[in-house]
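The values are calculated or read from the model by the stated rules, or taken from the named source; none is laboratory data. Quantities reported herein were computed from a predicted structural model and do not represent experimental measurements. Every residue, glycine as well, gets a Cβ built from its backbone with ideal geometry; the counts of neighbours run over all protein chains shown.
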Amino acid sequence: MTDIASTKGGFSTAAGGDAPAQTRPNTRKVFVKTYGCQMNVYDSQRMGDALAGEGYEPTLVIEEADLVLLNTCHIREKAAEKIYSELGRIRDMKAERATRGLETRVAVAGCVAQAEGREIIARAPVVDLVIGPQTYHRLPQALARVSDGEKVVETDYAVEDKFAELPKSDRRQISGRGVTAFLTVQEGCDKFCTFCVVPYTRGAEVSRPFAQLIDEARRLAEAGVREVTLLGQNVNAWDGEDEAGRPIGLGGLLHRLADIPGLARLRYTTSHPRDMDGELVAAHRDLPGLMPYLHLPVQSGSDTILKAMNRKHTADEYLRLLDTIRAARPDIALSGDFIVGFPGESEADFEATMNLVRTVRYASAFTFKYSPRPGTPGAEMDGHLSEAVKDERLQALNALLRQHQTEFAQSLVGKRLSVLIEKPGRHPGQIAGRSPYLQPVVLPEEIGVIGDIVEATITSTGPNSLLAEGMTKPVAQFQSPQEAPTMRSVA
Ligand code: 5AD
Ligand code: SF4
């Protein structure tokens, strides 16, 4: 799954102006910091909802937090090390608060918690609670044990369904987070790419039940969400049974979500090439609300490296899959993940990656230097490369990808795109939204209000955004979800 920048501060309700108008005298405050992928963002929100039920209010100011919760990422070494330096700063802050007679609890959640367990408390005794991603529904009870003076480690794989047990987000919590939302549909991974810790930290693939997802998506739509991004480490491996007990895959789920009034846009991430089945490809042809933007990581363009990575496909198979997807949805834009400097990667292997990039012309991409992760087969392989070689390759790859990204953005100038308005612009008179290709778009504010989907002509490109003018009427103005059109009626 694609990394995002760490999200500082409280869960998004704090930033969304969703805090109660008055602070109850004995309300406790929680500061949540999220690292890593979108799934962690979703998990932080659900933990925030669970904590709200326990009387915790979000804060963006760590110094005033009675509970600090770090939702961590273990995907690369740097990501994990960041947690320990943050815990050092939290230790000092806890000591300072103690001089004012204030208690501070510290919890570490996420993949570092799962991977390192009790070791975290040994290395950072400031931590009171270590809780893995499969047991978030036990957070309130675990905190109660912490209050009794215990150090608590909860990293078992729970037998019960955590999503069924976690409290549902209420309308106020959802709408405080804006008009776009994440919805985790699948967790874990059975692919075992040899560089990756996910199968160890998130466990085996589990799909959330169909009915639970439809219910959650309806609740999101009823609270004003217009765009839902389905999340999973291997999202296109999602499977389930519909209400009639018939087997259904991600393509079928997308069709059913497209029928929910109010939801105008759907996305899903992250997919594995091996799990792009015909039904899912056809959904890109048949569902106008399924955005023509697909994150489909390939990691490398060399068959030797793909084999060593255990990706289970060749470069040519990937390219042929893209042909099929482009035949179904000619305007689709692609995004990818790449690792440079996997053990044994030769100059020729790297050049094969550059060639694949030249062939595909990605609209955007995420690139990483290989980082050996303890316990993964890659870490034990021969032929580890120096940081200097990894740096050099990363720079060359980034330059090529950046060039394609810029050219893609420039190719949109003069075109009309649908834009979902998400928030006020940075400058007066502006409003900000996203293109179908996830690019930020800056528009004049008279074009519409947050939640509208407008058609806009792109007039120029900025460093990281598109600028639009000459807008016409909204194509899907937001009324109440009941009156709102479904995606099928929004061309
Ligand atoms: N080293 C470097 N990059 C990695 N990724 C996953 N594991 C590693 C690793 N050990 C990258 C992959 C994946 C993305 C989320 O992170 O490109 O798709
Ligand atoms: Fe990791 Fe590979 Fe699974 Fe993606 S498909 S989560 S890279 S093991």
(request) Please work out if residue 409 is buried (at least 16 other Cβ atoms within 10 Å of the Cβ) and assigned to a strand (DSSP E or B). (result) no
(message) Please go through (1) in contact with a Pro (Cβ under 8 Å, 6 or more places away or on another chain); (2) under 21 Å from residue 164 (Cα atoms); (3) within 11 Å of ligand 2 (Cβ to nearest atom) for residue 235 and return the number of the only condition it doesn't satisfy.
(response) (1)
(request) Output the number of residues of segment 144-157 satisfying the condition of being in contact with a Lys or Arg (Cβ under 7 Å, 6 or more places away or on another chain) and of a type outside the set (Asp, Glu). (result) 3
(request) Name the residue, out of 262, 245, 178, 224, that is on the phi > 0 side of the Ramachandran plot, assigned by TED's automatic domain parsing to the domain that holds residue 325 and under 19 Å from the mean Cα position of the chain (by Cα). (result) 178
(request) Name every residue in segment 270-309 that is part of a helix (DSSP H, G or I) and within 15 Å of ligand 2 (Cβ to nearest atom), in order of residue number. (result) 273, 274, 275, 305, 306, 307, 308
(request) Find the residue count for segment 198-208, including only residues that are surrounded by fewer than 23 Cβ atoms within 10 Å (Cβ to Cβ), in a loop (DSSP other than H, G, I, E, B) and within 10 Å of ligand 2 (Cβ to nearest atom). (result) 1
(message) Which pairs turn up if I take residues in segment 348-370 that are more than 28 Å from residue 38 (Cβ to Cβ) and more than 16 Å from ligand 2 (Cβ to nearest atom) and look for partners that are part of a strand (DSSP E or B) and at pLDDT 95 or above with beta carbon separation below 8 Å, at least 6 apart in sequence or on another chain?
(response) 350/340
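Search segment 143-167 for residues being within 26 Å of the chain's Cα centre (by Cα) and aliphatic (A, V, I, L, M), and hand back the single one that is surrounded by the fewest Cβ atoms within 10 Å (Cβ to Cβ).
159
Could you pull out the residue among 357, 389 that is assigned by TED's automatic domain parsing to the domain that holds residue 180, among the β-branched types (Val, Ile, Thr), part of a helix (DSSP H, G or I) and under 25 Å from the mean Cα position of the chain (by Cα)?
Answer to the check: 357.
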(request) Collect the residues in segment 247-265 that are surrounded by fewer than 24 Cβ atoms within 10 Å (Cβ to Cβ) and more than 23 Å from residue 190 (Cβ to Cβ), keeping them in residue-number order. (result) 255, 256, 258, 259, 260, 261
(message) I'm trying to understand the selection: among the residues of segment 10-34, which are modelled with pLDDT of 95 or more and of a type outside the set (Lys, Arg)?
(response) 30, 31, 32, 34
(request) May I ask you to list the residues in segment 34-78 that are surrounded by fewer than 24 Cβ atoms within 10 Å (Cβ to Cβ), under 23 Å from residue 89 (Cα atoms) and polar (S, T, N, Q)? (result) 59
(request) Tell me which of these residue 195 doesn't satisfy, since it passes every other one: (1) within 15 Å of ligand 1 (Cβ to nearest atom); (2) touching a Gly at 6+ places or on another chain (Cβ under 7 Å); (3) at pLDDT below 95. (result) (3)
(request) For residues that are part of a loop (DSSP other than H, G, I, E, B) and either at negative phi or without any contact (Cβ under 8 Å) to a residue 40 or more places away in the chain (or both), tally how many sit in segment 327-347. (result) 8
